Ligand code: NAD
Ligand code: UGA
């Protein structure tokens, strides 16, 4: 390409948690650009186009309003992949890159089959010059693979298309995606061709100041994304490991976090102890880093990062074991209320949620679970718990069933859910859980009843005055 290209038409492949919100913001901030988001998943496309704005496939605060404003104007969702690629000046690849389930690198390396399929579609249908932007999180040097695929000679009956490939990883967090996209800490762009970089910068400059645009080489950009997630996850594993020491010694992890976080070299963010990090990316991206280190003959580096994931697994089981211990070492047929199933508040996403592991552990011990989450539906929970042992609404009505065990059900109201329960386990920090009336709830529970607050969002005195036993993460006090 000889000069900077003005971008009038964008195609984004992948209408998921990243593609959907990111393109909504670009459409909102750049009214003169037509933005087409395409996906092979027809159900998802239909949901994005659904008239009822509450039926979007993704819940993010502020997202529905932007979709309502831009959809049908300069933001379009469809499965017309060929057509939208043909007309695009710039194509974002925003498809899933999960951990490989089989073959070489199984359990660690990224499965790039969706990225490869996208690149093949781009190679086949693009016309003229197209800038291809890696938005998905990818192993270092994936751009090389994409470039090779784009070179494939399958452009029959048309002039040879040309391409530039850029890396532009996304740093949004679920639950705050719209805020993160609107006010990013930085925009990272890796690439070689200065004109292509300038075209992408021009898009971002519509709402992001130039000093936040970081331009680098493509490999550093790809690696910086993996490293960023690895560092964030490492902080959580670090503070969660300290929470176990706090509980053993009488210290309080909140005080430790406050104290270390006030050191400007450490900083105060990502020091909240929790039931363990979840989400689709931390584990997968660290494992990807582990795989890269192993591949390049750096086993010590691989072990270092692998431990961040191992501690997270250990920590989730630690919480399940602790609950069992407090309930007289048996959960058989006990009714436990689970508050929160999403991996964090303000999202309907449950991928790698700590709740999955902890619920499975409790079911394995024979507990009967009543699960509540304001945004996660029963079908999702069914998938996450492998469909096993879900039960009918009336199972938990009246009294606790003495004979059945290891069953679960989803409840949508925060009233009857507590009837005859032995314990409440709070796993997601939804705001509504911090407003519960514990005096009212304690009257509904079987004594001695426990409240386990794995997010420490409850006020201990409020729970304790209602006569309930109370445990919270990283708190060594003897209540
Ligand atoms: P997702 O699974 O929600 O969405 C991916 C979408 O791509 C799916 O709807 C899928 O049907 C579609 N797709 C796959 N192959 C396709 C093809 N060939 N043609 C058209 N559509 C196709 O995934 P996500 O959470 O949006 O993540 C996407 C990427 O962004 C991943 O690499 C992830 O690591 C990265 N990322 C995610 C987040 C996050 O918060 N979820 C944040 C930053 C980066
Ligand atoms: C994370 C990163 O924060 C984003 O920058 C990145 O773009 C994204 O991964 C990605 O690549 O997918 P996300 O997983 O959406 O975002 O959410 P986070 O806010 O990072 O939370 C991840 C997990 O860590 C959650 O389970 C959360 O509850 C937990 N967490 C977070 C803690 O346990 N303690 C904390 O102090 C912060």
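It is to be established whether one or more residues within the range 321-344 are surrounded by fewer than 23 Cβ atoms within 10 Å (Cβ to Cβ) and near ligand 2 (Cβ under 10 Å from one of its atoms).
Taking every residue of the range 321-344 in turn, at least one turns out to be surrounded by fewer than 23 Cβ atoms within 10 Å (Cβ to Cβ) and near ligand 2 (Cβ under 10 Å from one of its atoms).
Can you pull out every residue in the range 98-116 that is closer than 22 Å to residue 35 by Cβ and buried (at least 20 other Cβ atoms within 10 Å of the Cβ)? Before the answer, list the steps.
Taking the range 98-116 and keeping what is closer than 22 Å to residue 35 by Cβ, we get 114-115.
Of everything in the range 98-116, just one residue is closer than 22 Å to residue 35 by Cβ and buried (at least 20 other Cβ atoms within 10 Å of the Cβ), namely 115.
Just one of (1) farther than 29 Å from residue 287 by Cα; (2) out of contact with any strand residue (DSSP E or B) (no Cβ under 6 Å at 6 or more places or on another chain); (3) without any contact (Cβ under 8 Å) to a residue 40 or more places away in the chain; (4) surrounded by 20 or more Cβ atoms within 10 Å (Cβ to Cβ) trips up residue 119, so point out which.
(1)
Could you count how many residues in the range 74-88 are within 12 Å of residue 34 (Cα to Cα) and under 26 Å from the mean Cα position of the chain (by Cα)?
Filtering the range 74-88 down to residues within 12 Å of residue 34 (Cα to Cα) leaves 74-77, 84, 87-88.
Okay, now just the ones that are also under 26 Å from the mean Cα position of the chain (by Cα), so 75-77.
Summing the residues that are within 12 Å of residue 34 (Cα to Cα) and under 26 Å from the mean Cα position of the chain (by Cα) in the range 74-88 gives 3.
Modelled with pLDDT of 95 or more, within 18 Å of residue 12 (Cα to Cα), within 10 Å of ligand 2 (Cβ to nearest atom) and part of a helix (DSSP H, G or I) - does that describe any residue in the range 170-192?
Checked the range 170-192: at least one residue is modelled with pLDDT of 95 or more, within 18 Å of residue 12 (Cα to Cα), within 10 Å of ligand 2 (Cβ to nearest atom) and part of a helix (DSSP H, G or I).
For the range 351-369, what are the residues that are buried (at least 24 other Cβ atoms within 10 Å of the Cβ), assigned to a loop (DSSP other than H, G, I, E, B) and within 14 Å of ligand 2 (Cβ to nearest atom)?
353
Within the range 453-467, which residues are surrounded by fewer than 21 Cβ atoms within 10 Å (Cβ to Cβ) and in contact with a helix residue (DSSP H, G or I) (Cβ under 6 Å, 6 or more places away or on another chain)?
Selection gives 457, 462, 466, 467.
Of the residues in the range 274-295, how many are more than 16 Å from ligand 1 (Cβ to nearest atom) and either under 22 Å from the mean Cα position of the chain (by Cα) or more than 23 Å from residue 101 (Cβ to Cβ) (or both)?
We begin by selecting, within the range 274-295, every residue more than 16 Å from ligand 1 (Cβ to nearest atom); these are 274-276, 293-295.
Keeping just the survivors that are either under 22 Å from the mean Cα position of the chain (by Cα) or more than 23 Å from residue 101 (Cβ to Cβ) (or both) gives 274-276.
Adding up the residues that qualify gives 3.
Can you tell me how many residues in the range 1-20 are surrounded by fewer than 23 Cβ atoms within 10 Å (Cβ to Cβ) and either under 22 Å from residue 95 (Cβ atoms) or at pLDDT below 95 (or both)? Working first, answer last.
Initial filter on the range 1-20 (surrounded by fewer than 23 Cβ atoms within 10 Å (Cβ to Cβ)): 1-9, 16.
Now narrow it down to the ones that are either under 22 Å from residue 95 (Cβ atoms) or at pLDDT below 95 (or both): 1-7, 9, 16.
Number satisfying all stated conditions: 9.
Residues of the range 166-186 being within 22 Å of residue 132 (Cα to Cα) and within 13 Å of ligand 1 (Cβ to nearest atom), which ones?
Of the residues in the range 166-186, the ones within 22 Å of residue 132 (Cα to Cα) are 166-172, 181, 184, 186.
Within the range 166-186, 167, 168, 169, 170, 171, 172, 181, 184 qualify.
List, please: which pairs have Cβ atoms under 9 Å, are six or more places apart or on different chains, and start with a residue in the range 369-397 that is at negative phi and end with one that is outside any loop (DSSP other than H, G, I, E, B) and at pLDDT below 65?
Hits for this filter: 370/396.
Taking only pairs six or more apart or across chains, which ones have beta-carbon atoms under 7 Å, a first residue in the range 252-281 that is at positive phi, and a second residue that is more than 16 Å from ligand 1 (Cβ to nearest atom)?
Pairs that qualify, where the first residue is at positive phi and the partner is more than 16 Å from ligand 1 (Cβ to nearest atom), are 267/261; 270/235; 276/240; 276/312; 276/315; 276/316; 276/354.
Let me spell it out: the conditions are (1) buried (at least 18 other Cβ atoms within 10 Å of the Cβ); (2) within 14 Å of ligand 1 (Cβ to nearest atom), and residue 83 meets all of them except one. Which number is the exception?
(1)
Are any residues in the range 192-241 touching a strand residue (DSSP E or B) at 6+ places or on another chain (Cβ under 8 Å), buried (at least 20 other Cβ atoms within 10 Å of the Cβ) and closer than 30 Å to residue 307 by Cβ, and if so, which ones?
Those that are touching a strand residue (DSSP E or B) at 6+ places or on another chain (Cβ under 8 Å), buried (at least 20 other Cβ atoms within 10 Å of the Cβ) and closer than 30 Å to residue 307 by Cβ: 218, 221, 222, 225.
Looking for something crowded, with 22+ Cβ neighbours inside 10 Å and either away from ligand 1 (no atom under 16 Å from the Cβ) or more than 26 Å from the chain's Cα centre (by Cα) (or both) - is there at least one such residue anywhere in the range 262-273? It would help to see each step written out before you state the result.
The initial filter retains those residues of the range 262-273 that are crowded, with 22+ Cβ neighbours inside 10 Å, namely 273.
From what's left, either away from ligand 1 (no atom under 16 Å from the Cβ) or more than 26 Å from the chain's Cα centre (by Cα) (or both): 273.
Among the residues of the range 262-273, at least one is crowded, with 22+ Cβ neighbours inside 10 Å and either away from ligand 1 (no atom under 16 Å from the Cβ) or more than 26 Å from the chain's Cα centre (by Cα) (or both), which makes the answer yes.
Being part of a helix (DSSP H, G or I), modelled with pLDDT under 95, out of contact with any strand residue (DSSP E or B) (no Cβ under 6 Å at 6 or more places or on another chain) and within 29 Å of residue 21 (Cβ to Cβ) narrows it down to one of 140, 145, so name that one.
On the way: 140 fails: part of a helix (DSSP H, G or I).
Going through 140, 145 in turn, the sole match is 145.
Could you check the range 42-52 and list, in sequence order, the residues that are under 15 Å from residue 84 (Cβ atoms) and either away from ligand 1 (no atom under 14 Å from the Cβ) or outside any helix (DSSP H, G or I) (or both)?
Result: 49, single match.
The values are calculated or read from the model by the stated rules, or taken from the named source; none is laboratory data. No experiment lies behind these values; they were computed from the predicted model shown. Please note: Cβ atoms are built from the backbone with ideal geometry, for glycine as well, and neighbour counts cover all protein chains shown.
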